[in-house]
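Read through the structure below, which is laid out as structure tokens, and then see the notes.
Read-outs: derived from the displayed coordinates by stated rules, not from any lab. Everything numeric here is computed off the predicted structure, so don't read it as measured data. Cβ: placed from backbone, ideal geometry, glycine included. Neighbour counts: every protein chain shown.
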Amino acid sequence: MDIIENYGILASMSWNSNKWAGEPSKEDLNRSKYGYVQDESHAHESLNFGHEIFPPEEDGYYIGYTPMLRKAPAPDKSGSVKIIFLCSSDYKNSNRKLILGFYGNPEFGQNFPRQAKHRLYRKYDGGNIRAYPSDIIHLENPLLISNDIVAKNNLLPKDKKISQRGFNYLNSDNVYNLISVALTQNPNNTKLRAFVEKFPALVDYINQKSNVEDYFDVIKGYSADNLKDIAVLERKMAKQTPEVKQRISTYIERGAIAAKVKKLTGYRCLICESLNLNPISFKKPNGEYYVETHHVEPVSSMKNGVLSMDNLITVCANHHRQLHYGDSTLIGQTDHHFVFKIDGKKIDINKISLH
Ligand SMILES: [Zn+2]
Ligand SMILES: [Zn+2]
């Protein structure tokens, strides 16, 4: 996928003990790192995530503010910006930096006066970013960021550091990665999910991405070498992306259950055998013959028992690839047989069982 530069902006704002849905505390104002907030005892960003409480403008927009965009960014650079992430340093918590949410499909680069009616709008009379309330997402579980985290997870363009005195441009990969993390950490945020659905490229990215962290999260503490653990893994992976499911399936295909299955079939490729070809591959240094295991019913289907032993068959490396990437379909099965069609040929294989 092509990377789009300047696809997003990361901008900071003063801390607000009322979650940016109400007035800041006295201490918030005193501790702000923006001098004018202290001087004026006023933070324009105080209502940034009050979009569920306070009225939008007549044109449907809700207005927010970030001190970082007080000076409008160059229009030729910011024309492709689709999202503005808002972060702040939590002074009560050793100044850790958190992304609290974002404005999707934003407008910015000018001052927007608040004209809707609300008592607080007299004091908070305008801002410099705006978006539709449905595209403004507040994260109950904010995302912790640091230069270290950002570098490790491709959350900023290469070699960039989090800006202290301005804002950062983000490329599309950075934006997608941030949203993936936001989804992982806020699984029940239906507004966030709905927002993601509106960006097909983002949905693709999230699905294709090797979500290594989710994978390790699922397998943590569970080995693939006993049926009890495998049953747990099967339950835990139900909610995972197809990519993660695929990784878990590989984990199990390589696990000790797989080792038992290999022993049971005598390290033979069951497809080769059914084609009257030599079913035995090369010998490994440990004296065992090389063979691979494969889940017949794809793990991503999440059908019951998909991780159980009788959904595994042993195949040679070549047939394993063909099952995944070649012209092969499972055309039927009984309690004891799988019937495949591979390259137009019908192939009947006995299911593996302990008995
Ligand atoms: Zn084979
Ligand atoms: Zn496989």
**Asked** Taking interchain pairs and intrachain pairs at least six residues apart, which have beta carbon atoms under 9 angstrom, with the first residue in the stretch 78-99 and farther than 18 Å from Asn174 by Cα and the second of a type in the set (A, V, I, L, M) and assigned to a loop (DSSP other than H, G, I, E, B)?
**Response** Ser88/Met13
**Message:** One residue is enough: does the stretch 279-294 have a residue meeting the conditions among the aliphatic types (A, V, I, L, M), crowded, with 16+ Cβ neighbours inside 10 Å and either away from ligand 1 (no atom under 11 Å from the Cβ) or on the phi > 0 side of the Ramachandran plot (or both)?
**Reply:** no
**Message:** Considering only residues that are among the basic types (Lys, Arg) and either closer than 21 Å to Gly79 by Cβ or touching a Ser or Thr at 6+ places or on another chain (Cβ under 8 Å) (or both), which ones fall in the stretch 97-142?
**Reply:** Lys97, Arg130
**Item:** Hits in the stretch 23-49 (condition: touching a residue at least 60 places away in the same chain (Cβ under 8 Å), surrounded by fewer than 21 Cβ atoms within 10 Å (Cβ to Cβ) and either within 19 Å of Arg122 (Cβ to Cβ) or in contact with a helix residue (DSSP H, G or I) (Cβ under 7 Å, 6 or more places away or on another chain) (or both))
**Value:** Glu23, His42
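To keep it simple, each residue is scored yes or no on (1) part of a helix (DSSP H, G or I); (2) without any contact (Cβ under 8 Å) to a residue 40 or more places away in the chain.
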| residue | (1), (2) |
| --- | --- |
| His138 | no, no |
| Asn141 | no, no |
| Leu155 | no, yes |
| Tyr169 | no, no |
| Leu192 | yes, no |
**Asked** Which members of the stretch 1-36 meet the condition of being among the aromatic types (Phe, Trp, Tyr) and over 30 Å from the mean Cα position of the chain (by Cα)?
**Response** Tyr34, Tyr36
**Message:** Would you confirm, using the coordinates I've provided, whether Tyr7 is of a type in the set (Phe, Trp, Tyr) and out of contact with any strand residue (DSSP E or B) (no Cβ under 8 Å at 6 or more places or on another chain)?
**Reply:** no
**Item:** Every residue from the stretch 155-180 that is of a type in the set (A, V, I, L, M) and within 15 Å of Ser12 (Cβ to Cβ)
**Value:** Leu155, Leu156, Ile162, Leu170, Leu178
**Request:** Within the stretch 107-136, track down each residue that is in a strand (DSSP E or B) and of a type in the set (Gly, Ala, Ser).
**Result:** Gly109, Gly126, Gly127, Ala131
**Item:** Of residues in the stretch 1-22 being hydroxyl-bearing (Ser, Thr, Tyr) and surrounded by 20 or more Cβ atoms within 10 Å (Cβ to Cβ), the one farthest from Gly79 (Cα to Cα)
**Value:** Ser14
**Prompt:** For the stretch 67-106, which residues satisfy the criterion of being loosely packed, with under 15 Cβ neighbours inside 10 Å and either assigned to a strand (DSSP E or B) or not basic (Lys, Arg) (or both)?
**Reply:** Ala72, Ala74, Pro75, Asp76, Gly79, Ser80, Asn93, Ser94, Asn95, Arg96
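Need a quick list: helices (runs of 4 or more DSSP H) entirely within the stretch 253-355 having at least 3 residues that are away from ligand 2 (no atom under 13 Å from the Cβ) and either touching a Phe, Trp or Tyr at 6+ places or on another chain (Cβ under 8 Å) or under 27 Å from Leu227 (Cα atoms) (or both).
256-264
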**Prompt:** Assuming Ile352 fulfils every condition listed in (1) under 35 Å from the mean Cα position of the chain (by Cα); (2) away from ligand 1 (no atom under 13 Å from the Cβ); (3) under 13 Å from Cys269 (Cα atoms) apart from one, which condition is it?
**Reply:** (1)
**Asked** Tyr325 fails exactly one of the following numbered conditions: (1) in contact with a strand residue (DSSP E or B) (Cβ under 9 Å, 6 or more places away or on another chain); (2) within 16 Å of ligand 1 (Cβ to nearest atom); (3) not charged (D, E, K, R). What is the number of that condition?
**Response** (1)
**Request:** Could you list all residues from the stretch 238-252 that are more than 13 Å from ligand 2 (Cβ to nearest atom) and β-branched (Val, Ile, Thr)?
**Result:** Thr241, Val244
